[in-house]
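J.: Pasting a structure here, questions to come.
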Amino acid sequence: MPKTEKIERVSELKERIEGSQALLLTEYRGLTVSDITELRRSLAENGASFAVVKNTLMRRAVTDAGVGELESFLQGPSAVAFVAGDPVAAAKKVVDAAKRYPALVLKGGYLDGKVLSAGEAKALAELESREVMLSKIAGMLKSEMTRAAAMFAAAPARFLSLLEAYKEKLPAGPEAEADAEAPQASGATAATDGTTDGAADEDTEPVADATTAATDPTTDEPEATGTDHDDEEGKG
């Protein structure tokens, strides 16, 4: 390969490395062209591209991209999955393909600035995919929103209940005290009226009778007495 072409190829690999969310490095010894094509098509469904690379060019590319730690994985026939989408889904595809094609070996990977060993790269495939996680998060948020809505709906009723309970514990106000004293005032008035009427009935009538009785003897008896006396003197 001419030097210029190598430089261009390294630059292209470097750009693909820098534009990827994750890298999965494999050894494809023993895979047929048909097997690689099928794996490439499967990974493309999850936003990943699978490419066979020359180790010498890939070593320069990872060094230029600042991930020289990946050089140790570039031994034997190498193929790299450049993952632009969900790393978990891509790892699942590679692990599933390795089960169908034992010749395919997952050697390691790179994710979020961290180099992954072969075991860590395989463990990545055991995690839940982004779609599943998003679905669960959406379900949790929906559940929390439903719960919050129920709490907000119950809050006014609870507030009114507490308000009624609080009002029952408050002391009676001036209006309540006035209403409570009203019957007592009426009873006192009734008792007063009864006493007045009774006294008037008892005192007024005897006084009237006594006055009449005193007037009649004073008016009539002196006249009768005076007349009788004059008569007797005339007879004498």
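The values are calculated or read from the model by the stated rules, or taken from the named source; none is laboratory data. This structure is a prediction, so every number in the text was calculated from the model and none was measured. Reconstructed Cβ throughout: ideal geometry from the backbone, glycine too, with neighbour counts over all protein chains shown. These area figures cover heavy atoms from the full protein model, side chains too; ligands, DNA and RNA do not enter into them. Shrake-Rupley method; radii C 1.70, N 1.55, O 1.52, S 1.80 Å.
J.: Which residues, counting only those in the stretch 40-62, are over 50 Å from the mean Cα position of the chain (by Cα) and not in a loop (DSSP other than H, G, I, E, B)? First the steps, then the outcome.
T.: Going through the stretch 40-62, the residues over 50 Å from the mean Cα position of the chain (by Cα) turn out to be 52-61.
Hits for the stretch 40-62 are VAL52, VAL53, ASN55, THR56, LEU57, MET58, ARG59, ARG60, ALA61.
J.: How many of the residues in the stretch 13-26 are in a helix (DSSP H, G or I) and open to solvent by less than 80 Å² (accessible area, probe 1.4 Å)?
T.: Start the filter on the stretch 13-26 by keeping residues that are in a helix (DSSP H, G or I), which leaves 13-18.
Okay, now just the ones that are also open to solvent by less than 80 Å² (accessible area, probe 1.4 Å), so 13-14, 16-17.
Total meeting the criteria: 4.
J.: Residues in the stretch 58-66: is at least one of a type outside the set (A, V, I, L, M, F, W, C) and either touching a strand residue (DSSP E or B) at 6+ places or on another chain (Cβ under 6 Å) or closer than 20 Å to GLU120 by Cα (or both)?
T.: Restricting attention to the stretch 58-66, the residues satisfying the condition of being of a type outside the set (A, V, I, L, M, F, W, C) are 59-60, 63-64, 66.
Imposing the further condition that a residue be either touching a strand residue (DSSP E or B) at 6+ places or on another chain (Cβ under 6 Å) or closer than 20 Å to GLU120 by Cα (or both) reduces the set to none.
Taking every residue of the stretch 58-66 in turn, none turns out to be of a type outside the set (A, V, I, L, M, F, W, C) and either touching a strand residue (DSSP E or B) at 6+ places or on another chain (Cβ under 6 Å) or closer than 20 Å to GLU120 by Cα (or both).
J.: Whether any residue in the stretch 66-77 is at pLDDT 90 or above, of a type in the set (S, T, N, Q) and not in a helix (DSSP H, G or I) is what I want to check. Before the answer, list the steps.
T.: At the first step, the residues of the stretch 66-77 found to be at pLDDT 90 or above are 66-77.
Right, trim to of a type in the set (S, T, N, Q) and you get 72, 75.
Of the ones still in play, those that are also not in a helix (DSSP H, G or I) are 75.
Yes, the conditions are met somewhere in the stretch 66-77.
J.: Given the structure, is VAL95 open to solvent by less than 70 Å² (accessible area, probe 1.4 Å), within 30 Å of GLU27 (Cβ to Cβ), at pLDDT 70 or above and not in a loop (DSSP other than H, G, I, E, B)? So that I can check it myself, show each step before the final result.
T.: Numbers: open to solvent by less than 70 Å² (accessible area, probe 1.4 Å): yes; within 30 Å of GLU27 (Cβ to Cβ): yes; at pLDDT 70 or above: yes; not in a loop (DSSP other than H, G, I, E, B): yes.
In short, yes.
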